[in-house]
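Engineer: First the structure, which I've put down as structure tokens, then a few questions once you've had a look.
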2 protein chains.
Amino acid sequence: MTDSSRLLASLAEHVGAAHVLVNAPDLAPYLAETRGLRRGHALAVVRPADTAEVAGVVRTCAEAGVPVVAQGGNTGHVGGGLPQGGIVLSLARLNRLRALDPVNASITVEAGMVLADVQAAARDAGMLFPLSLASEGSCRIGGNLSTNAGGTAVLAYGNARDLVLGLEVVLADGRVWNGLKGLRKDNAGYDLKQLFLGSEGTLGLVTAAVLKLHPRPLSRSVVFLGLASAEAALALFVALRAEAGAGLTAFEYVAPFGLEIVLRHRAGARRPLAGRHAAYALVEVSTTRPGEDAGTVLEPMLARAQARGLLEDAVLAASEAQALAFWDLRESLSEVQKAEGASIKHDVSVPLSRLPEFLARATRACEAELPGLRVCAFGHFGDGNIHFNLSQPVGMDRAAFLALWDRFNRIVHDIVLALDGSIAAEHGVGLLKRAELGRTADPVALDLMRTLKAALDPRNILNPGKILPDPTAP
Amino acid sequence: MTDSSRLLASLAEHVGAAHVLVNAPDLAPYLAETRGLRRGHALAVVRPADTAEVAGVVRTCAEAGVPVVAQGGNTGHVGGGLPQGGIVLSLARLNRLRALDPVNASITVEAGMVLADVQAAARDAGMLFPLSLASEGSCRIGGNLSTNAGGTAVLAYGNARDLVLGLEVVLADGRVWNGLKGLRKDNAGYDLKQLFLGSEGTLGLVTAAVLKLHPRPLSRSVVFLGLASAEAALALFVALRAEAGAGLTAFEYVAPFGLEIVLRHRAGARRPLAGRHAAYALVEVSTTRPGEDAGTVLEPMLARAQARGLLEDAVLAASEAQALAFWDLRESLSEVQKAEGASIKHDVSVPLSRLPEFLARATRACEAELPGLRVCAFGHFGDGNIHFNLSQPVGMDRAAFLALWDRFNRIVHDIVLALDGSIAAEHGVGLLKRAELGRTADPVALDLMRTLKAALDPRNILNPGKILPDPTAP
């Protein structure tokens with residue numbers, strides 16, 4: 001027996017032969033990534049059924065010195081789950097709801113549960129699990145937690161990290177840390193769960209979690225706004241944040257080119273406002289108060305904003321169907337971009353006070369670099385997080401445009417860093433931004449990250465080659 | 001020159017001789033702890049003026065192998081800042097407000113700023129820094145962050161950890177990590193700040209922080225409630241949480257003995273309700289909406305709760321003065337306990353759904369252990385956090401009662417752990433709960449904590465002997 005057939009036999013003992021995939025067609029979906037920019041390779045895909053099996057698989061691989069790349073729904077945007085050898089450990093079969101405690105407002109789920117199923121379980125209990133993002137029908141909660149996912153509900157409820165009370169984690173040597181507590185306050189030693197949230201499977205594998213639930217809003221009001229500028233959008237945001245407080249559940253931004261291409265390509269999309277504006281925003285206000293219509297909360301706030309000249313036009317959704325239609329305009333933006341050719345994407349954040357400056361400087365710099373380039377900027381304005389995407393000039397060769405990826409990354413990221421922002425706001429680092437992290441991060445921070453990696457995964461078994469830049473790179 | 005005089009001379013070079021304190025009277029306040037249960041000892045107290053001086057002091061001590069114990073306001077409850085040799089590094093002179101960005105809703109402060117001063121700076125900008133606790137007039141923000149402090153505003157705004165956007169930290173070897181970003185979303189590598197929040201100065205010294213500000217409520221309504229039981233308190237809490245959502249800014253619990261001793265010892269305290277009840281709660285609802293009176297929000301919710309039989313009696317504060325008086329009843333509880341003799345204290349949390357069971361079991365077990373013992377249970381009910389304090393039997397010898405400390409700890413903590421709770425909810429571990437942490441923590445968790453400590457502070461310079469139990473203890 002070769003080393004690798006010995007390994008596969010040993011893995012089959014842990015999970016059953018049917019759950020060790022080795023044929024190319026079976027492996028294919030695990031070796032692809034969402035953007036189709038790269039392709040991975042792996043010895044096998046292993047699909048354990050429970051935490052003990054995950055632990056057995058990791059222990060076996062650790063002993064053999066074989067890398068383990070965890071995958072949930074494989075929906076990431078930065079190649080964080082892409083294997084470069086070793087095995088793929090799929091958490092998809094760990095998809096049980098372990099417990100739901102409505103009084104404690106907590107839910108205990110396994111890593112492989114699809115995000116939409118977690119949302120549905122909360123809804124069935126009359127509560128809200130707020131994490132919400134485009135891939136919620138196929139992404140899995142373990143991946144959401146391992147990447148500290150963001151999405152459209154961060155403004156009021158925080159990132160994935162903020163929704164976690166406890167974790168169960170398989171460590172690099174196959175031991176299991178059971179930190180599945182459902183507590184709002186716990187200072188009994190270091191807060192170990194923080195290590196594994198957002199570390200993209202490089203320090204440990206999340207197998208289960210206790211998540212926070214929130215009271216479920218009974219009414220929401222959604223408005224689509226036409227604005228004179230990004231500066232006006234920011235002034236409006238500041239006004240609404242002050243008045244609506246935690247009831248302000250979304251403030252999303254769409255630049256004119258974004259709205260234009262949604263209307264061009266999205267089936268059934270209708271122009272929400274009669275006129276043209278320099279900037280658009282989708283705003284949502286929610287309320288948990290019985291008998292209250294969120295529209296009656298939002299309308300006077302908008303009226304005051306209008307009196308101050310902060311908005312040019314506004315249309316309030318008259319029904320839940322219209323609210324969904326407004327949200328669809330925003331949420332189909334990533335998808336419709338494909339119809340406009342190749343895109344070079346940036347997922348960045350800056351302090352809110354620097355948002356207009358970022359948009360202006362980055363747009364100007366990119367347009368100057370390549371005439372005809374079309375900036376498609378949109379995103380979670382209220383979180384300071386912009387998807388600063390670049391659509392290729394009409395008629396340009398696709399590959400020639402994509403060859404400029406690194407050059408545009410550098411232009412955009414240098415502006416982000418000059419404004420004290422982040423080059424990886426909600427999608428993580430993975431493979432795609434690893435070199436940029438190496439180029440731009442504080443050397444002390446990088447050294448601390450390497451220290452953590454070496455301490456928790458001394459043999460470099462867990463998702464090697466992700467996040468941390470190659471120390472030998474120039 | 002001896003080793004220690006060489007060290008002191010070297011420290012004086014960094015901070016100036018006037019800021020190296022060595023005389024017993026100068027040292028005394030730094031060697032005491034709030035409860036007067038223990039006394040520390042130190043070579044010197046060093047008072048650097050800025051981050052560079054802190055770094056120089058730590059580097060010098062690291063090279064000499066001398067422990068460094070950081071202190072802010074020295075107001076902790078668990079001896080976390082008590083030196084056991086080495087030097088005390090006081091952050092008190094690092095007390096500058098570095099920046100306030102009202103649009104980004106963030107404030108950048110140095111570690112030595114008094115919490116009340118941070119609150120005031122936020123208020124002056126029309127915003128709220130919500131962290132609030134009894135010692136806010138003297139505790140310092142660096143200590144609050146290093147202990148992940150809790151307090152009375154956790155229900156709506158989270159613990160200290162949740163209020164931090166960025167940190168500046170001096171590491172164990174004297175290097176400075178500058179992580180002072182003011183971003184709501186940042187996944188550019190591991191979230192390093194989490195390591196230092198709540199680690200009580202054992203992994204690094206916080207020298208500055210970027211903190212989140214919140215919209216400032218324009219109106220609040222405070223009600224004092226008489227309830228039939230802890231079960232009724234929980235049902236009421238669940239109802240108000242669902243209806244008021246993030247507008248529910250406090251839900252505090254007071255057992256009858258607590259109210260009784262406040263009324264007995266607190267100057268000016270007046271009985272809020274005519275009758276006697278088995279449990280009391282202080283509830284606060286706040287609103288940021290212009291022109292809205294929070295009382296009009298809270299009253300119908302209370303009426304519905306009363307109709308469901310969830311409360312026996314309620315008195316709404318008719319003025320801000322009365323609201324403050326109600327809060328004073330709750331906040332003077334720790335203080336008045338001193339007038340009833342010695343106390344053995346527990347700062348514990350359990351899942352909310354287990355709170356009534358915890359209160360009943362722990363009360364029964366403690367009263368059975370020592371007839372005449374008086375349970376003084378109160379605290380942050382909505383966070384699942386109870387200060388389960390035990391007042392000595394009337395007439396018992398103080399020292400004889402305090403000699404039972406470990407025995408009562410074990411009784412209470414074993415019940416907490418059986419209910420999946422924490423033995424250190426908001427005050428931390430420090431020196432006082434180190435042995436209990438060792439007795440009760442999961443060995444894998446302890447091993448992970450030791451791994452972190454060894455990785456970040458391999459020479460064990462930073463606050464040695466705190467949090468982590470002695471590995472050689474039985």
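Engineer: State, to one decimal in nm², a quarter of the convex hull surface area for the C-alpha atoms of the protein assembly as shown, i.e. the direction-averaged projected area.
Structural biologist: On the way: hull surface 161.4 nm².
Its Cα hull, projected and averaged over all orientations, spans 40.3 nm².
Engineer: Can you give the accessible area of A:Tyr30 in Å² (nearest 10), computed on protein heavy atoms with a 1.4 Å probe?
Structural biologist: Probe radius 1.4 Å; accessible area of A:Tyr30 about 40 Å².
Engineer: Heavy-atom accessible surface, probe 1.4 Å, ligands and DNA/RNA ignored: which residues of region B:197-220 lose at least 50 Å² versus the isolated chain?
Structural biologist: By number: B:Pro215.
Engineer: Under 5 Å between amide hydrogens, which residues at least 5 positions from A:Ala99 or on another chain qualify, with H placed 1.01 Å from N in the peptide plane?
Structural biologist: A:Thr108
Engineer: Sticking with this one: Copy-to-copy spacing for A:Ala52, label 7 Å out on the Cα-to-C-beta vector, in nm, shortest first?
Structural biologist: 6.0
Engineer: Based on the Cβ-Cβ distance from B:Leu97 to B:Asp162, what FRET efficiency comes out when R0 is 22 Å, to the nearest 0.05? The partial results should precede the final answer.
Structural biologist: Working: r = 21 Å, r/R0 = 0.96.
FRET efficiency, B:Leu97 to B:Asp162: 0.55.
Engineer: Follow-up question, since we're still on this one. For the pair A:Ala116 and B:Ala125, how long in nm is the line joining their label points, each one 7 Å along Cα→Cβ?
Structural biologist: Computed distance between label sites A:Ala116 and B:Ala125 equals 4.2 nm.
Engineer: List for region A:415-447: residues with 50 Å² or greater reduction in accessible area, all protein chains versus chain alone, probe 1.4 Å?
Structural biologist: When all protein chains are present, A:Val444 each give up 50 Å² or more of accessible surface.
Engineer: Determine the sum of side-chain charges near B:Ala365: Lys and Arg each +1, Asp and Glu each -1, restricted to other residues whose C-beta is under 13 angstrom from that of B:Ala365. Provide the component values of the computation, followed by the final result.
Structural biologist: Details: positive: B:Arg361, B:Arg364, B:Arg407, B:Arg410; negative: B:Glu357, B:Glu367, B:Glu369, B:Asp414.
Residues near B:Ala365 contribute 0 overall.
Engineer: For the protein assembly as shown, what does the helix formula give at 222 nm: sum of -39500 (n - 2.57) over DSSP H segments with n ≥ 4, over the residue count, nearest 500 deg cm²/dmol?
Structural biologist: Working: 34 runs with 340 residues, N = 948.
Value at 222 nm, helices only, nearest 500: -10500 deg cm²/dmol.
Engineer: How tilted is helix B:51-64 with respect to the longest principal axis of chain B? Cα atoms for both, answer in degrees (0 to 90, nearest 10).
Structural biologist: Helix B:51-64 sits roughly 60 degrees off the main axis of chain B.
Engineer: Also: Per residue of region B:185-194, what does 6.51 cos²θ - 1.76 cosθ + 1.60 with θ = phi - 60° give for ³J(HN,Hα)? Whole Hz please, x for Gly and Pro, Karplus curve as stated.
Structural biologist: 9, 7, 10, 7, x, 4, 7, 4, 4, 4
Engineer: Hey, another quick one. Could you state the angle between the C-alpha long axis of helix A:355-369 and the longest principal axis of the C-alpha atoms of chain A, as a value from 0 to 90 degrees rounded to the nearest 10?
Structural biologist: 80 degrees
Engineer: Turning to a different aspect of this structure: Positive end of the dipole of region A:341-429, charges at C-beta (+1 Lys, Arg; -1 Asp, Glu), about the Cα centre: which of A:Ser422, A:Val375, A:Leu355 has its Cα farthest in that direction?
Structural biologist: A:Val375
Engineer: Also, I was wondering about something else. Per residue of region B:248-254, what does 6.51 cos²θ - 1.76 cosθ + 1.60 with θ = phi - 60° give for ³J(HN,Hα)? Whole Hz please, x for Gly and Pro, Karplus curve as stated.
Structural biologist: 7, 9, 7, 8, 9, 10, 9
Engineer: Using a loss threshold of 30 Å², tell me which positions in region B:226-266 are less accessible in the complex than in their chain alone. Probe radius 1.4 Å, ligands and nucleic acids ignored.
Structural biologist: Relative to the lone chain, where solvent access is computed with a 1.4 Å probe, region B:226-266 loses at least 30 Å² at B:Arg241, B:Ala242, B:Glu243.
Engineer: Once B and A are treated as a pair rather than alone, how much accessible area drops out, both sides summed, in Å² to 100, probe 1.4 Å? Intermediate results must be reported in sequence, preceding the final value.
Structural biologist: Details: alone 20070 and 20070 Å², together 33670 Å².
Roughly 6500 Å².
Engineer: When the Karplus curve 6.51 cos²θ - 1.76 cosθ + 1.60 is applied with θ = phi - 60°, which whole-Hz ³J(HN,Hα) does each residue of region A:414-428 get, with x for Gly and Pro?
Structural biologist: Those phi angles translate into 5, 5, 4, 6, 5, 9, 6, x, 10, 7, 9, 7, 10, 9, x Hz.
Engineer: Just the number, please: carbon plus sulfur as a percent of the accessible area of region A:3-90, 1.4 Å probe, no ligands or DNA/RNA counted.
Structural biologist: Working: 1860 of 3570 Å².
C and S atoms contribute 52 percent here.
Engineer: Size of the dipole of region B:341-429 about the Cα centre, Lys and Arg at +1 and Asp and Glu at -1 on the beta carbon, nothing else charged, in debye to 20? It would help to have the intermediate numbers written out before the result.
Structural biologist: Values: 8 positive and 10 negative charges, 41 e Å.
It comes to approximately 200 debye.
Engineer: Here's something else I'd like to know. Once neighbouring chains are kept in place and the probe is 1.4 Å, which whole percent of the accessible area of region A:97-215 is contributed by carbon and sulfur?
Structural biologist: So the carbon and sulfur contribution to the accessible surface is 49 percent.
Engineer: Can you list the residues, at least 5 places off or on another chain, whose amide H is less than 5 Å from the amide H of B:Ser219, using H built in the peptide plane?
Structural biologist: Here B:Thr287 satisfy the definition.
Engineer: Which entries of B:Lys345/B:Lys453; A:Lys185/A:Lys453; A:Lys453/B:Lys193 show an alpha-carbon separation above 18 angstrom in the structure shown?
Structural biologist: On the way: B:Lys345/B:Lys453 28 Å; A:Lys185/A:Lys453 27 Å; A:Lys453/B:Lys193 16 Å.
Among B:Lys345/B:Lys453; A:Lys185/A:Lys453; A:Lys453/B:Lys193, the Cα-Cα distance tops 18 Å for B:Lys345/B:Lys453; A:Lys185/A:Lys453.
Engineer: A further question on this structure: Put A:His427, B:His346 in order of accessible area, largest first, 1.4 Å probe: what do you get? Walk me through the numbers before you get to the answer.
Structural biologist: Working: A:His427 45, B:His346 5 Å².
The ordering from most to least exposed comes out as A:His427, B:His346.
Engineer: Moving on to the next point. What whole-number value in Å² describes the accessible area per residue of the protein assembly as shown for a 1.4 Å probe? If you can, show how the numbers build up before the last one.
Structural biologist: Values: 33670 Å² over 948 residues.
That works out to 36 Å² for each residue.
Engineer: On to the next question. Given H placed 1.01 Å from N in the peptide plane, which residues other than close sequence neighbours of B:Leu128 have an amide H under 5 Å from its amide H?
Structural biologist: Residues meeting the amide H criterion: B:His214, B:Arg216.
Engineer: How much of B:Tyr157 can a 1.4 Å solvent probe reach, expressed as accessible area in Å² and rounded to 10?
Structural biologist: Here the accessible area works out near 40 Å².
Engineer: Helix B:115-124 versus the longest principal axis of chain B: what angle, 0 to 90°, nearest 10, using Cα atoms?
Structural biologist: Result, in degrees: 70.
Engineer: Sticking with this one: Percent relative contact order of chain A, based on C-alpha pairs within less than 8 angstrom and at least six residues apart? Could you put the intermediate results ahead of the total?
Structural biologist: Working: 972 pairs, mean separation 71.5, N = 474.
With pairs under 8 Å counted, the relative contact order is 15 percent.
Engineer: Express the carbon and sulfur contribution to the solvent-accessible surface of region A:331-474 as a percent, rounded to the nearest whole number, probe 1.4 angstrom.
Structural biologist: Numbers: 2730 of 5170 Å².
The computed percentage sits at 53.
Engineer: Further question: Measure out, as a whole number of angstrom, how far apart the alpha-carbon centroids of region B:426-474 and region A:216-294 sit.
Structural biologist: Comparing the Cα centres of region B:426-474 and region A:216-294, I get a distance of 49 Å.
The values are calculated or read from the model by the stated rules, or taken from the named source; none is laboratory data. Just so it is clear, the structure is predicted and the values come from calculations on it, not from any experiment. Ideal geometry is used to build each Cβ from the backbone, glycine not excepted, and the neighbour counts take in all protein chains shown. Side chains are part of the model used for accessible areas, which takes the heavy atoms of the whole protein and leaves out ligands, DNA and RNA. Shrake-Rupley method; radii C 1.70, N 1.55, O 1.52, S 1.80 Å.
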